[in-house]
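**Student:** Sharing a structure here in structure tokens format.
Nothing in this text is a laboratory measurement; each read-out follows from the coordinates by a stated rule. Not measured: the values here are computed from a predicted model. Reconstructed Cβ throughout: ideal geometry from the backbone, glycine too, with neighbour counts over all protein chains shown.
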Amino acid sequence: MYRARSAFKLSQIDQKYRVIPHGGVVVDCGAAPGGWTQVAVAKAQKKGLVVAVDLLPMDPVSGAHCIKGDFMSLKVQNKVKALLGRRKADLVCSDMAPSFMGNHMADHARSMELCESALTFAQTVLATNGCFVAKFLMGGTEVEFRRKLQTMFLKVKQEKPDASRKQSTEGFFVALGYRPIKQSKEE
Ligand code: SAM
């Protein structure tokens, strides 16, 4: 049994795009109460590694490492990297949502900041061909974010899984086939 309905959103995205490989490494940002983490652990299985981060405390999910803290802080991101060790991530996913202020454009802006933070982090840990999934609140500037994703990934899709309420303004970016930027020798 999943802890949160939102688990079905990642599950539906994974059924369509196969973003979680067996034995894969997953970083789950904004993980509490743990629905996405459950989906990731079930798919990644024993050889996999799942690291879940949230501002809020969450009950342990068997097979996952849970970190309580602000994903936007470098200290927390370094804890995630320490758990990954030498392994690269196959999926960085973010279901992070801001505390809603009731002002749609402010909520949208904050949601895009969370996406940016997850993407900046993803660039430091994703394996070549890795995937990135991030929830955002529609509002306009997601178009720029999508363009940025298109420079880094082979394929970028915008999804609204059936499990996402029709009336909500949330959407999900699904970016597949990460292409790390090659550093030139002079750098
Ligand atoms: N994916 C979760 C699941 O399936 O159970 C649900 C996530 S809930 C929709 C959004 C979560 O994002 C909240 O638990 C919230 O605390 C977390 N969050 C928001 N901003 C965050 C941040 N800066 N760092 C870590 N977590 C954050």
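**Student:** Once every DSSP H run of n ≥ 4 in the chain is given -39500 (n - 2.57) and the sum is divided by its residues, what mean residue ellipticity at 222 nm do you get, rounded to the nearest 500 deg cm²/dmol?
**Tutor:** On the way: 5 runs with 65 residues, N = 187.
Mean residue ellipticity at 222 nm (helix-derived): -11000 deg cm²/dmol.
**Student:** Related question: Lys and Arg at +1, Asp and Glu at -1: add these up for the other residues within a Cβ distance under 15 Å of Ala44 and post the number.
**Tutor:** Numbers: positive: Arg18, Lys43, Lys46, Lys47, Arg87, Lys88; negative: Asp14, Asp28, Asp90.
For residues surrounding Ala44, the net value is +3.
**Student:** Filter the cross-link list Lys68/Lys182; Lys43/Lys135; Lys79/Lys166; Lys81/Lys166 down to pairs whose alpha-carbon distance in this structure exceeds 30 Å.
**Tutor:** Lys68/Lys182; Lys79/Lys166; Lys81/Lys166
**Student:** Could you state the number of Å between the C-alpha centres of the stretch 60-99 and the stretch 110-141?
**Tutor:** Going from one Cα centre to the other spans 13 Å.
**Student:** When the Karplus curve 6.51 cos²θ - 1.76 cosθ + 1.60 is applied with θ = phi - 60°, which whole-Hz ³J(HN,Hα) does each residue of the stretch 122-136 get, with x for Gly and Pro?
**Tutor:** Coupling constants for the stretch 122-136: 4, 4, 8, 10, 6, 6, 4, 6, x, 10, 9, 10, 9, 7, 9 Hz.
**Student:** Which values of log₁₀ I(q)/I(0), to two decimal places, follow from the Debye formula for the chain at q = 0.10, 0.17, 0.19 Å⁻¹ with a uniform point scatterer at every Cα?
**Tutor:** Results for the chain at q = 0.10, 0.17, 0.19 Å⁻¹ read -0.36, -1.10, -1.40.
**Student:** Okay, next question. Taking 2.2 N^0.38 Å as the expected size of a compact globular protein, what ratio does the Cα radius of gyration of the stretch 35-97 give against it, to two decimals?
**Tutor:** Here the answer is 1.06, to two decimals.
**Student:** Something else about it: From the phi angles alone, apply the Karplus equation (6.51, -1.76, 1.60; θ = phi - 60°) to the stretch 154-168 and give each ³J(HN,Hα) in whole Hz, x where the residue is Gly or Pro.
**Tutor:** Couplings: 5, 9, 10, 10, 10, 10, 9, x, 4, 6, 8, 4, 4, 7, 7 Hz.
**Student:** Under 5 Å between amide hydrogens, which residues at least 5 positions from Val25 or on another chain qualify, with H placed 1.01 Å from N in the peptide plane?
**Tutor:** Amide H neighbours of Val25: Leu49, Asp90, Leu91.
**Student:** Something else now. Determine, for each peptide in 14-20, 131-137, 144-150, the mean count of other beta carbons within 10 angstrom over its residues, then list the peptides with the highest first. Let's see the in-between values first.
**Tutor:** Details: 14-20: 17.6, 131-137: 26.0, 144-150: 14.9.
Highest to lowest by the protection proxy: 131-137, 14-20, 144-150.
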